[in-house]
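Colleague: Take this structure first; my questions come after.
The values are calculated or read from the model by the stated rules, or taken from the named source; none is laboratory data. Every value quoted in this text rests on a predicted model; they were computed, and no experiment measured them. Cβ sites come from the backbone with ideal geometry, for glycine too, and all protein chains shown count toward neighbours. These area figures cover heavy atoms from the full protein model, side chains too; ligands, DNA and RNA do not enter into them. Shrake-Rupley method; radii C 1.70, N 1.55, O 1.52, S 1.80 Å.
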Amino acid sequence: MLKRQAQLSVYIGTLKLKNPVMVASGTFGYAEEFKDYMDLKKLGAIVTKTVTLKPRQGNPVPRTCETPAGMLNSIGLENPGIDVFIDKKLPFFKKIGVPIIVSIASEASAEEFIALAERLDGIQEVSGLELNISCPNLKDAKSGRGSHALIAQDAQATQRLVKMVRKVTKKVLITKLSPNVTSITDIAEAAEDAGSDALSLINTLTALCIDVKSRRPKIATITAGLSGPAIRPVAVRMVWEVYKRVKIPLIGMGGITDTESALEFFIAGASAISVGTGNFLNPKVSTEIIGGITQYLEKNNIRSIKKLTGSLLCQR
Ligand SMILES: Cc1cc2nc3c(=O)[nH]c(=O)nc-3n(C[C@H](O)[C@H](O)[C@H](O)COP(=O)(O)O)c2cc1C
């Protein structure tokens, strides 16, 4: 008898993905950069680089450096702004034919988030919005200094913002959480209560690298966001904790570089995963993971990826 192929499709809110492998915001550009390395159609979904209302030049250089098992970045949301995004970047996404999640942010006000959500709500090809309320590399809007308190560091602020955006869009709404908090579960619950359809976690961890010869920070903004395999155990722990507290689907990320690291996130509680820094190491890795997950499910006689989500066995 022919063995049935393992089912990879998952739902993120009302959005059906043919497989649960996505690419993380800011690490896949506007997809065109990756078209020569892989078949973009194979991806479950693509999350765009974060877009803001106005163009942003981003932070001064140096804004990246390597770390043991990862990297620091302080790009500062460089992007061409929503008008150029819609005119020049979106047409390429339309051609790919996989769900597009547009990541949006504001450094100034909730009204900017609302304006962005309203603009994108009317565009059929946009499948969902990801609220980037967790970028650690923005300056304080008032003082122009340091990194300001993030919306994602405050449960009430998260709830207020998600509620306001929820009112103006029918698109699938994903809230991206920060690991730079005391209790990520409190923020997760606030986003769920306010109507978020799903949660993405985690964004980068605030970090500092020092050049001991010059005694200067290696990154111009002094602190920056740590990503890559170094943060994976923290991210997996956070997914596991949040999974126990909320009902909405989780999109897990943080240091995924191969099938095994992706599987950890599903077992901890993720319904889908996103590859970030791993794209820089191997631009094809996300498509390789899709094949790897299928093999794992079939080898272990698991009919559907949904059965793997939250299947962590804690008793010894
Ligand atoms: C160079 C770089 C740029 C990033 N830009 C964004 C961004 O624009 N918006 C966002 O929500 N996250 C951004 N991130 C965070 C990633 O989407 C992801 O949450 C984080 O890096 C953890 O996953 P990883 O360890 O697989 O990279 C960026 C990460 C890197 C490394």
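Colleague: Which residue, 46, 57, 110, has the largest displacement toward the positive end of the dipole of region 39-116 when charges sit on each Cβ (Lys, Arg +1; Asp, Glu -1)?
Modeller: The residue sitting most towards the positive pole is 46.
Colleague: Ignoring ligands, DNA and RNA, please state the percent of accessible area on region 99-221 from carbon and sulfur, probe 1.4 Å.
Modeller: Numbers: 2530 of 5490 Å².
That fraction is 46 percent.
Colleague: Looking at this model, which pairs from 88/167; 35/163; 89/307 are more than 32 angstrom apart at the alpha-carbon?
Modeller: Numbers: 88/167 28 Å; 35/163 36 Å; 89/307 36 Å.
Checking Cα-Cα distances, 35/163; 89/307 exceed 32 Å.
Colleague: Additional query: Roughly how big is region 1-160's charge dipole about its Cα centre, with Cβ charges of +1 (Lys, Arg) and -1 (Asp, Glu), in debye to the nearest 20? Present the calculation step by step, with values, prior to reporting the outcome.
Modeller: Details: 20 positive and 17 negative charges, 107 e Å.
With Lys and Arg at +1 and Asp and Glu at -1, about 520 debye.
Colleague: If the cut-off is 15 Å between C-alpha atoms, which aspartates and glutamates fall inside it for residue 247, apart from same-chain ones fewer than 8 positions away?
Modeller: Of all the aspartates and glutamates, those that pass the test against residue 247 - Cα under 15 Å, at least 8 places apart if same chain - are 186, 189, 192, 193, 197.
Colleague: Given a 1.4 angstrom probe, what's the average accessible area per residue across region 248-316, in square angstrom? List each step's numbers first, then the result.
Modeller: Values: 3180 Å² over 69 residues.
With the other protein chains kept in place, region 248-316 gives 46 Å² per residue.
Colleague: Quick one: putting +1 on the C-beta of Lys and Arg, -1 on the C-beta of Asp and Glu, what dipole do you get for the chain around its Cα centre, in Debye to the nearest 20? Write down the numbers at each step before the final one.
Modeller: On the way: 41 positive and 29 negative charges, 88 e Å.
With Lys and Arg at +1 and Asp and Glu at -1, about 420 debye.
Colleague: What is the magnitude of the charge dipole of region 200-248 about its Cα centre, with +1 placed on the Cβ of each Lys and Arg, -1 on the Cβ of each Asp and Glu, and no other charges, expressed in debye to the nearest 20? Walk me through the numbers before you get to the answer.
Modeller: Values: 9 positive and 2 negative charges, 12 e Å.
Magnitude of the dipole: close to 60 debye.
Colleague: Moving on to the next point. For residue 94 and residue 244 in one chain, what is 0.36 nm times their gap in residues minus the Cα-Cα distance, to one decimal in nm? It would help to have the intermediate numbers written out before the result.
Modeller: Numbers: separation 150, 0.36 × 150 = 54.00 nm, distance 3.61 nm.
Here the answer is 50.4 nm.
Colleague: Then there's this: Using the Cα centre of the chain as origin and beta-carbon charges of +1 (Lys, Arg) and -1 (Asp, Glu), tell me which of 205, 82, 217 is placed farthest towards the positive end of the dipole.
Modeller: Of the candidates, 205 comes out farthest on the positive side.
Colleague: Where a ≥ b ≥ c are the square roots of the eigenvalues of the C-alpha gyration tensor, would you call the chain rounded, which needs a/c under 1.5, or, failing that, prolate if a/b is larger than b/c, or oblate?
Modeller: Taking the square roots of the gyration eigenvalues as a ≥ b ≥ c, the chain is rounded.
Colleague: How high is the FRET efficiency between residue 216 and residue 281 when r is their beta carbon distance and R₀ equals 35 Å, given to the nearest 0.05? Spell out each step's value before the answer.
Modeller: Numbers: r = 27 Å, r/R0 = 0.78.
That gives a FRET efficiency of 0.80.
Colleague: On to the next question. How big is the gap, in Å, between the Cα center of region 61-125 and the Cα center of region 243-316?
Modeller: Between the Cα centre of region 61-125 and that of region 243-316, the gap is 24 Å.
Colleague: Under the rule of at least 5 residues apart or a separate chain, name every residue whose amide H is placed under 5 Å from the amide H of residue 275.
Modeller: So residue 275 has HN proximity to 22, 23, 24.
Colleague: So which residue, out of 293, 302, 210, gets the largest mean-square fluctuation from a GNM of the chain using Cα contacts under 10 Å as springs?
Modeller: 210
Colleague: Also, I was wondering about something else. What FRET efficiency do you get for residue 83 and residue 109 if R0 is 22 Å and r is their Cβ-Cβ distance, rounded to the nearest 0.05?
Modeller: On the way: r = 18 Å, r/R0 = 0.84.
Efficiency for this residue pair is about 0.75.
Colleague: Continuing with this model, one more query. Which of the three applies to region 149-249, rounded, prolate or oblate, going by the alpha-carbon gyration tensor with a ≥ b ≥ c and a/c under 1.5 meaning rounded? Walk me through the numbers on the way to the answer.
Modeller: On the way: a/c = 2.79, a/b = 1.92, b/c = 1.45.
Prolate is the answer for region 149-249, as a/c is 1.5 or above and a/b outweighs b/c.
Colleague: With every protein chain present, what is the per residue accessible area of region 1-62 (1.4 Å probe, Å²)?
Modeller: Details: 3450 Å² over 62 residues.
On a per-residue basis, 56 Å².
Colleague: Here's something else I'd like to know. Can you give me the relative contact order of region 245-316 as a percent, contacts being Cα pairs under 8 Å and 6 or more apart?
Modeller: Details: 86 pairs, mean separation 24.7, N = 72.
With pairs under 8 Å counted, the relative contact order is 34 percent.
Colleague: Can you compute 3J(HN,Hα) from phi for each residue in region 301-313, using the Karplus curve 6.51 cos²θ - 1.76 cosθ + 1.60 with θ = phi - 60°, rounded to whole Hz and x for Gly and Pro?
Modeller: Values per residue, Gly and Pro as x: 6, 9, 5, 9, 4, 4, 5, 7, 4, x, 9, 4, 9 Hz.
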